[in-house]
Structure formats: structure tokens, C-alpha cells
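*Asks:* Just dropping this structure here.
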Amino acid sequence: MAKSRASNVTRAKELAAKLQRQGVEGVVLSYVETAGINRIKTIPVARLPRATEVGVGMSPVFDTFLSDDSITTTGEMGGPDGDLRLFPDLDQIVVLAGQPGWAWAPVDRRTQDDEPYAACQRTFARTMIERAADAGLTVQMAFEIEWCVGKTGTDDFVPACSGSAYGMTRLVELSDYARDILTALEKEDVDVDQLHPEYAAGQFEVSVGAADPVAAADRSVLVRQTIRAVSAEHGVRPSFAPSVVPGTVGNGGHVHLSVWRDGTNVFAGGPGRFGMAEEGEAFAAGILAVLPALCAVGAPTPASYLRLVPSHWAGAFACWGRETRESAMRFVTGLAGTEKDAANFEVKSFDLAANPYLVVGALIAAGLRGVRDALTLPAEVTGDPARFSEEELAEMGVRRLPTSLDAAIDEFAACYFLREEMGKTLADAVLAVRRAEAERFRDAAPEDVAAALRWVF
């Protein structure tokens, strides 16, 4: 560890000098806590080597913060005691195109004894990647980022553009804004697949290329930070909240994932349905089997369940189907002839209030359990599952996903293997924060829930 740290300090000195030549004055040290909020400290760029050597102090209390900055507790967290060290990941430092003079670095959190912090969600995600590697598997992921663009000067949501879903009018009205987002992301070396108007009023989506899961989670944080910065420059306000206006389509945080063994995509070229290999099907089946519990990770607020409703393409039913956008897990095979590179599963039930590191770690944990237990997928569901009665859905083996945060918490609490993979410290933090968020909004009307969280995420 000492030898590695010394090597990193040398790298940090070289990197700091390079950043200074690029006009960088400060570095944002960034992590996401249990409630899904991006918490930061910043340092002058000249302090980067020192931060790499000994870290930067930050209280562990933030892992028991709620989205309104109130604090809950677990058996070991939530008080005034203790300190952690934030260590920047030098491989992921990015000069922020939307914030001149600043660079951004995701951090790993360690204790003052220089041990991995048990509630560090980024460390959890990396641990799950290592578990997959031990099984001979490599996972690639990408987050879709949806947001609604609103006018400033009000806490209500007033769309900053008009025009139809996917319509050119919306892009014309915000042409410079959308162009500047693309330009900024290109400068930050984020490979954008597409950017387009989405369904809800004032809504857009950007899709980026796949990466290893920790890098994909890093990128999710970076892309949103960049969109916020560009929005500020254009005098508009972005909301990534799961429900911006109750009763309308919300913002999703869909996750695309593919799994590889020895360079071969296990979702293609196999003998199973639509070309899945047995191992690929087992990985997907593992996720589907515990998707209700995963909602406490990927749909973490009461507002999430204003979005997660049937017939809104939100993935409200625990089922799968090839290109079925109402299923929680959509199997994407890609254009004929490209399946070996393109085939992936899209998990549609999650939103951007979620901690992306928790999401990727939990998905891998569930998939690996499916492989270990040789699980198989149930029958494919096509069309809208909402057309079936409860009895028919039960016969098909299809469950409605939780309809409230309380129900998702109960599923997570009962999912012993997932809590065990997270470890007690992290799992307890998830339970405590989710329960406190549910209680906070116990008697709130949907309009009040949406209003309270609209500009938090």
C-alpha cells in the first residue's frame, strides 16, 4: 500500500502541474451518499499530491443524511464522532468543460486507519466487479440520463421549451443549449451515443457509451454535473427527479448491462432464447428474481413510486421481454448481425435519485447469484402487462413491483443475500435512510412529494 501510495503521489504531482497549465485552479472531490446526493469537498489544484497521500477529511455522518439534509441513525452511524479520508481516483480526474477553472475527481473513502470504509458505495461496486472477475466474467454498463428543463425564477416546474415528444420544435428552441451540452461532454471525453427530446414536457435524454461499472457510475455523476453547469449558463434549470409533475411521465435512470466471458458476450451467440447463453440467462434471471428488493436501491424515494406506474414505460412489472418497453427488464438484441456486440439487458425500473455505485454493485451481486444458482428466466412477456388480471399475472409468474417505498424497504429487508453482499454497515445505512425518507413523506400528497424533491435531484 505504501509503495502504491508513493507512486500515486508522484503521478499526482505531474497531474497537478498539467492541470495548472490547463487553467485549473481547484479540484472537486466527489462521492454519492446513501440518499443519492453528490457530496463534495474541493481543494486547490496544488494540494492534489497531498490529498493523494493522506486524503481529505470528511465526516461519515453523511451516509445517514436524508435528501433534505436531516439526519437519521443506525447502530454505528449518524452521530458526531469519527472521520474519513477522501482519496481522489487519479485515473478518473476530468477537467470540467462547464465549470472553467475546475476539475472533478470521484473519490474512494477510507478510515483513519487506512482501511476501506465499510459504507463506501464506490468500494462496494468495485468489490462486486472483482467478484465477477473471480468468476471469469466482465460486466459493462451504461446509465441513461433523463432530465426536464425548466425556467428559473420559480420552484414550480415551467417547461423551458414547447413542442411534441421527440419533436424537432423542442430542439430548435433549445438548440444552443443542447449543442453546448454535447460540446462539453466531448471535451470531457464522454462518448455520447445520442441526445434527444423525450416524452414529458421539457424532457431530454442523453445516452452515453458503456464502460466498466464503476466508470459508468462515475460518468453518470459527471454527466449530470455537466448538464447542471451548462443549464446555469443558459439560464434554465434541470430536474433529474423521478417525478417532476405528478401524474405525468417522470425521469428514469435506466441501466444497460452486458456480461462477457473471454471476450464473448454471453447475451448473444448462445443456444438459448434470442441467442442467450445459459450463463447470460442466469445472470439476467438473478436480477429479475430480486428486482422488488433492488427497488430500495434503484428507486429510493417516495417520488420514485409516482414514476413507477403501469402503462408509462417505466417498467412497473417484474418481467422481461425482447424490446418490450413496459417490462422491467428489456432485452435488446440490436440490429441483425450486430448481436455479439450489441446484446444487452436494460433495467428500466430505476431512476436518478439512486446512488449509481449502489445500483451497479447490487445488480452485479444479484446477477452473480443467478449464475451460481443456475437460474432461468420465466416466459417472456410481450405487450403491456397491465392488461392482465392479478390472477393471470400470478399464473405467468409476474409480480407488480413495489408500489411504495415502504413496500420496497420490506423487500430489501427480507433479501438476506443482498444485505450480506453489501455488508451490515452499508445495508443498515440503506434501510435507515429509506425508512426515514418514507416516514418523512408519510402523509404528504403526491404534489408535495414531487415539489419537495423536484430540484434536489
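The values are calculated or read from the model by the stated rules, or taken from the named source; none is laboratory data. The shown structure was predicted, so the numbers you read here are calculated from the model rather than taken from an experiment. Quick reminder, even Gly has a Cβ in these numbers, built from the backbone with ideal geometry, and neighbours come from all protein chains shown. Note: accessible area is taken over every heavy atom of the protein model, side chains too, but ligands, DNA and RNA are not part of it. Shrake-Rupley method; radii C 1.70, N 1.55, O 1.52, S 1.80 Å.
*Asks:* Between a residue in the range 248-264 that is under 15 Å from GLN203 (Cα atoms) and assigned to a loop (DSSP other than H, G, I, E, B) and any residue that is open to solvent by 40 Å² or more (accessible area, probe 1.4 Å) and aromatic (Phe, Trp, Tyr), which pairs come within a Cβ distance under 8 Å, given they are 6 or more apart or on different chains?
*Replies:* So the pair list comes out as VAL249/TYR199; VAL249/TRP313.
*Asks:* In addition: Considering GLY98, GLY75, GLY82, which residue is open to solvent by less than 20 Å² (accessible area, probe 1.4 Å) and small (Gly, Ala, Ser)?
*Replies:* Only one candidate passes the filter, namely GLY98.
*Asks:* Here are some residues: ARG440, ARG435, ARG387, ARG454. Which one is over 18 Å from SER349 (Cα atoms), without any contact (Cβ under 8 Å) to a residue 24 or more places away in the chain and among the charged types (D, E, K, R)?
*Replies:* ARG387
*Asks:* Can you pull out every residue in the range 376-411 that is open to solvent by 50 Å² or more (accessible area, probe 1.4 Å) and within 30 Å of ALA432 (Cβ to Cβ)?
*Replies:* Within the range 376-411, ARG399, ARG400, THR403, ASP406, ASP410, GLU411 meet the criteria.
*Asks:* Starting from the range 9-30, keep only residues that are under 18 Å from THR42 (Cα atoms) and among the polar types (S, T, N, Q), then list their pairs with residues that are modelled with pLDDT of 95 or more and part of a helix (DSSP H, G or I) whose Cβ atoms are within a distance under 6 Å, requiring at least 6 positions of separation or different chains.
*Replies:* Close Cβ pairs (under 6 Å, with a partner that is modelled with pLDDT of 95 or more and part of a helix (DSSP H, G or I)) amount to GLN20/VAL45.
*Asks:* For the range 267-287, indicate whether the set of residues that are assigned to a loop (DSSP other than H, G, I, E, B) and under 29 Å from LEU66 (Cβ atoms) is non-empty.
*Replies:* no
*Asks:* Name the residues in the range 92-125 that are assigned to a strand (DSSP E or B) and either over 30 Å from HIS234 (Cβ atoms) or touching a Cys at 6+ places or on another chain (Cβ under 6 Å) (or both), would you?
*Replies:* Within the range 92-125, ASP108, ARG109, ARG110, THR111, PRO116 meet the criteria.
*Asks:* Let me ask you something else. I'd like the residue in the range 198-238 that is within 21 Å of VAL107 (Cα to Cα) and basic (Lys, Arg) and, out of all such residues, is most open to solvent (accessible area, probe 1.4 Å).
*Replies:* Checked the range 198-238; the qualifying residue most open to solvent (accessible area, probe 1.4 Å) is ARG228.
*Asks:* Taking the range 307-345, which residues are part of a loop (DSSP other than H, G, I, E, B), among the β-branched types (Val, Ile, Thr) and over 30 Å from ALA451 (Cα atoms)?
*Replies:* Within the range 307-345, THR324, THR333, THR338 meet the criteria.
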